[in-house]
Amino acid sequence: MTDILHSPATTSESTNRKIVTPIPGPKSVELHDRRVKVVSEGVSELFPIYVDHAHDALMVDVDGNQFIDFTGGIGVTTVGHTNDAVVEAVRDQVGKVTHTLFGLVGYESYIRAAELLAEHTPGDFPKKSVFVNSGAEALENAVKIARKFTGRTEVAVLHHGYHGRTNLTAAMNYNMHPYGTGFGPLAGSVHHAPNSNPFSDGLTGEQAAKATITHLEKRVGASQIACLVVEPIQGEGGFIIPADGYLNALVDWCEENGIVYVSDEVQSGMARTGKYFASEHFGIVPHLTTSAKGIGGGLPIAAVTGRADIMDASHSGGLGGTFGGNPVAAAALVAVFEQVESRGLLAEAQRVESIMRPRLDAIKQRFDSVADARGKGAMMAIELQDPATGEPAPAIVKAVQQFALHQGVLFLTAGTFGNVLRFLPSVVITDEQLHEGLDVLEASLEAAIAATAAQA
């Protein structure tokens, strides 16, 4: 296995990936030695490389190794690494003002960013936003706003969901480990209900919604629930796409019972799936939408956007924060929206899917261990299982990830059981880069499955 994983990539000058040193190279090793002395071990270290520069879908490490990036910074660099327009907007804003705190002295980029979110999030009702720093902080604020608006305390979430690493969002996650392990006591009043996963449960959207609603009505009581927080496509859970009609039934139930429906679009939003927000694929209109990651083009910014009457429930000073909606990050957000519009990046996400879906379907047909291929836009995944037992196959997934790394392609894992490979490339990735990365995926699967079988 070791020999397979550490074999050097065979490349040509025309290729988009280039491996020139062992992985990790000497400069990455040197940086890692410095890291372990000063960086908390609580910060994960997935890839043993350190980036020097990146652009669009390519990343170059400090040793000169060039990688095709299918991680997108976990869905952040949707418009590409160092997008020229985003860089220009940031550079211009840095030369004007870097910080005031919007609650003290306002600035136009915050307002324009809120206007763009009001325009592009689902729903034709008046909307308002508040800006914060991260997806987890956006979820924290969405819960605060829903509790203030409804006067209720309880929070409902779904199995296999992921919402962050803060105390409240760690309690909202399905996987306690590693996000909440040893950090308790975590926030209370959070209730986990069954989700819809057509691949594993075989239920229709109506049947799955009935199971979710029945659980919450019996275990919590609809009249006690302030909000139901749902990822339209579950991210860390393994890019789970619910059955048709499932989300619609949940929204209807929330409407009937005065519950705020919160769509967690931190990973699935901002052109990632071929729509501005993934909720649009399902024809639903959330009361509140949380966004982060891709909206900032690499800058830290997140938002809660929703019905004006809900957003205005908070008293003055109840929302915000020192760096929320920082002028530089807000300028980047505005540039991202302009890039999506001017360059037709929704169509580019659809192009990514048009290439990846048939390739992934073919890979599923070729390898018995690949049990499912799914996704939307530039948010695609394959799920691996033991073909004999149907049990998750996380060892193969990790081996594929490591093999691909040494071949110059970066892949992410996901799934409650670690048996999903997820693909979050920039939507500006070229057709050539897509095919080359998928060629490496196929070769990695072949090598990893063979090595795993040899070890059995």
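Just so it is clear, none of the values below were taken in a lab; they were calculated from the coordinates. This is a predicted model, so every value here is computed, not measured. Counting neighbours? That spans all protein chains shown, and the Cβs are built from the backbone with ideal geometry, glycine included.
Numbers below:
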item: Those lysines that a straight Cα-Cα span of less than 17 Å connects to Lys27, excepting residues fewer than 8 apart in one chain; result: Lys18, Lys37
item: About the Cα centre, charge dipole magnitude for the stretch 310-456 (Lys/Arg +1, Asp/Glu -1 at Cβ), debye; result: 140
item: Ellipticity estimate at 222 nm from DSSP helix runs (n ≥ 4, -39,500 (n - 2.57)) divided over the chain, nearest 500; result: -12000 deg cm²/dmol
item: Cα-Cα over 28 Å, subset of Lys210/Lys293; Lys127/Lys275; Lys218/Lys275; Lys148/Lys218; Lys127/Lys293; result: Lys210/Lys293; Lys218/Lys275
item: Summed side-chain charge close to Gln207 - residues other than Gln207 whose Cβ falls under 14 Å, Lys, Arg +1, Asp, Glu -1; result: -2
item: Residue order, fewest to most beta carbons within 10 Å, for Asp63, Asp124, Asp431; result: Asp124, Asp431, Asp63
item: Fewest-first ranking of Glu341, Glu256, using other Cβ atoms within 10 Å as the exposure measure; result: Glu256, Glu341
item: Residues Ile310, Ile429, sorted so that the one with the fewest Cβ neighbours within 10 Å comes first; result: Ile310, Ile429
item: Sequence ranges 16-28, 267-279, ranked by mean other-Cβ count within 10 angstrom, highest first; result: 267-279, 16-28
item: Rg ratio (alpha-carbon, reference 2.2 N^0.38 Å) - the stretch 85-342; result: 0.98
item: Positive-end extreme of charge dipole, the stretch 1-152 - chosen from Val43, Pro126, Val79 (charges on Cβ); result: Pro126
item: Residue (of Pro24, Phe70, Ala138) at the positive-pole extreme of the stretch 1-153, dipole from beta-carbon charges; result: Ala138
